[in-house]
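S.K.: Sharing a structure here in structure tokens format.
The values are calculated or read from the model by the stated rules, or taken from the named source; none is laboratory data. Not measured: the values here are computed from a predicted model. Counting neighbours? That spans all protein chains shown, and the Cβs are built from the backbone with ideal geometry, glycine included. Accessible surface areas use protein heavy atoms only, side chains included; no ligands, DNA or RNA. Shrake-Rupley method; radii C 1.70, N 1.55, O 1.52, S 1.80 Å.
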Amino acid sequence: MRKHATLLLFAFASTALWAQKTFDLTLDNESKMNVSQYPVSLQLKDYDIDTQSASVTNEGREIPCQLDDLDGDGKYDELFFLTDLDKRGSKTFQVTLYDTGVPRQYEAQVYVDMMLTNSKIKESNKQNLYIQSLMVDRGVNPYSMLHHHGAAFENELVAYRIYFDHRQTVDIYGKYKKGLELKQTQFYPDKEQAAAGFGDDVLWVGNTLGLGTLRGWDGTAPVMIDDVEHRGQRLVARGPLRTIVEVKDEAWRILPDKQPVDMTTYYTLYAGRRDCRVDVKFDRNVSDLRFATGVINVKNSTEYSDKHGLRGCWGTDWPVSEKDSAGHKRETVGLGVCLPPNVVEKELNADKDNYAYVLHIDGDHLTYHISFCSDNESFGVHSAKDWFAFLDEWKKALAVKVTAKTR
């Protein structure tokens, strides 16, 4: 009996040994700029293990991380975490991947939801028909069927939502104090929540570009995403460190004489950062097409541009249509979009709706970033001068080059 037990113990130890893969990951910041909340993503297919759980440490201290199934096939595709890096600095992490267990639980620093409107519940902040994804056919407009009109996501600083209709506008929710709020307010705080200092919708977008919404371009004006066979939204990642929302447009015919294109857009929000990353992927080379993006021309706003893909504004207007403004106050916001300069074909003069660009994408993908602030914030900036200075520093931070090596 004793010999048998020894053999079983040896077999268990051998299995445990092969159930994990541990390696060092070193990040080198090659720039002269400190960076905070730098996103680190590891492609798990590179490590020859069916990862079910993981841990990340630095100098013996555990670092929160998350595992994400990006393509929805039931297997984790990426390990993700955030870190600060000093200028010209280096930091080494110990990463362990396990083929057993479940992902470790950490305090949520982000939140995302999408839900159908429950007509039996009258309160706008007590809806309960949560969904993970929705795809609709041509001609179906679920805008009014969905509570807060599409996916909404936040970190402690900011909150965004994506309209689920032909506009697909990026809209914003400003906060007074740091913290996660959307689970309680569902984008529509009641009187008690407003009195307690919860945030609210701070921008009226109408048919404009809102905050960095990508549209087509017909040579004279932006083209809405009307002519599609199917459109959908899906919650890809729910935290605790990042949210990812996928927006799909299948067989989008931007112009009648051009081949239709499938477009998939990913909106990624990281903990502790007010900006959102936008990754757009097409099913073909789209160099024969033109696109438009930019930011809404907030009424009486001041414009900023560096003439190399960074553009923004600071202004004040009603957060709803003026005829519905009773019970609201005018809101002051700063908006910004940062594009790769090589895709900017033309920076258009401001019109009554937008500060816009015409884009030429020579390939099948585009990555750019959007950001905003609300003058309501107790922790943010409160003038056009300071917001435009923030935009300059933001662009520099986005350009920081970090190299990674493993051993």
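S.K.: So, residue 281, is that one of a type in the set (Lys, Arg) and at pLDDT 95 or above or not? Give the derivation first.
M.R.: Details: of a type in the set (Lys, Arg): yes; at pLDDT 95 or above: yes.
So residue 281 passes the test.
S.K.: I'm trying to understand the selection: among the residues of the range 1-27, which are surrounded by fewer than 15 Cβ atoms within 10 Å (Cβ to Cβ) and at pLDDT 95 or above?
M.R.: Within the range 1-27, 22, 23, 24, 26 meet the criteria.
S.K.: Please return the ranges of strands (runs of 3 or more DSSP E) entirely within the range 129-208 where 1 or more residues are more than 24 Å from residue 317 (Cβ to Cβ).
M.R.: On the way: elements: 133-137, 146-155, 159-162, 170-174.
Output list reads 133-137, 146-155.
S.K.: Only one of (1) free of Cβ contacts under 8 Å to residues at least 60 places away in the same chain; (2) of a type in the set (Ser, Thr, Tyr); (3) under 25 Å from residue 274 (Cα atoms) is not met by residue 38, so which one is it?
M.R.: Result: residue 38 passes all but (1).
S.K.: For residue 213, state whether it is over 30 Å from residue 74 (Cα atoms), within 15 Å of the chain's Cα centre (by Cα) and of a type in the set (Val, Ile, Thr). Step through it out loud before you land on a result.
M.R.: Working: over 30 Å from residue 74 (Cα atoms): yes; within 15 Å of the chain's Cα centre (by Cα): yes; of a type in the set (Val, Ile, Thr): yes.
Yes; evaluated as a whole, the condition is true for this residue.
S.K.: Within the range 105-117, track down each residue that is surrounded by 13 or more Cβ atoms within 10 Å (Cβ to Cβ) and assigned to a loop (DSSP other than H, G, I, E, B). It would help to see each step written out before you state the result.
M.R.: Kept after step one, since they are surrounded by 13 or more Cβ atoms within 10 Å (Cβ to Cβ), are these residues of the range 105-117: 106, 108-117.
Scanning the range 105-117 gives 106, 108, 109, 117.
S.K.: Restricting attention to the range 241-300, which residues are open to solvent by 10 Å² or more (accessible area, probe 1.4 Å), β-branched (Val, Ile, Thr) and part of a loop (DSSP other than H, G, I, E, B)?
M.R.: Across the range 241-300, the qualifying residue is only 254.
S.K.: May I pose another question? Please pick out the residue among 353, 392, 364 that is in contact with a Ser or Thr (Cβ under 8 Å, 6 or more places away or on another chain), surrounded by fewer than 19 Cβ atoms within 10 Å (Cβ to Cβ) and of a type outside the set (A, V, I, L, M, F, W, C). Quick ask: steps written out before the conclusion?
M.R.: On the way: 392 fails: in contact with a Ser or Thr (Cβ under 8 Å, 6 or more places away or on another chain); 364 fails: in contact with a Ser or Thr (Cβ under 8 Å, 6 or more places away or on another chain).
Just one listed residue meets the conditions, 353.
S.K.: Return yes or no: is residue 405 among the basic types (Lys, Arg) and not in a strand (DSSP E or B)? Don't jump to the end; show me each part of the working.
M.R.: Numbers: among the basic types (Lys, Arg): yes; not in a strand (DSSP E or B): no.
Judged against the criteria, residue 405 is not a match.
S.K.: State the number of residues belonging to the range 134-164 that are under 11 Å from residue 231 (Cα atoms) and open to solvent by 40 Å² or more (accessible area, probe 1.4 Å).
M.R.: Of all residues in the range 134-164, those under 11 Å from residue 231 (Cα atoms) come to 134-142, 164.
From what is left, the residues that are open to solvent by 40 Å² or more (accessible area, probe 1.4 Å) are 134-135, 137-141.
Matching residues across the range 134-164 total 7.
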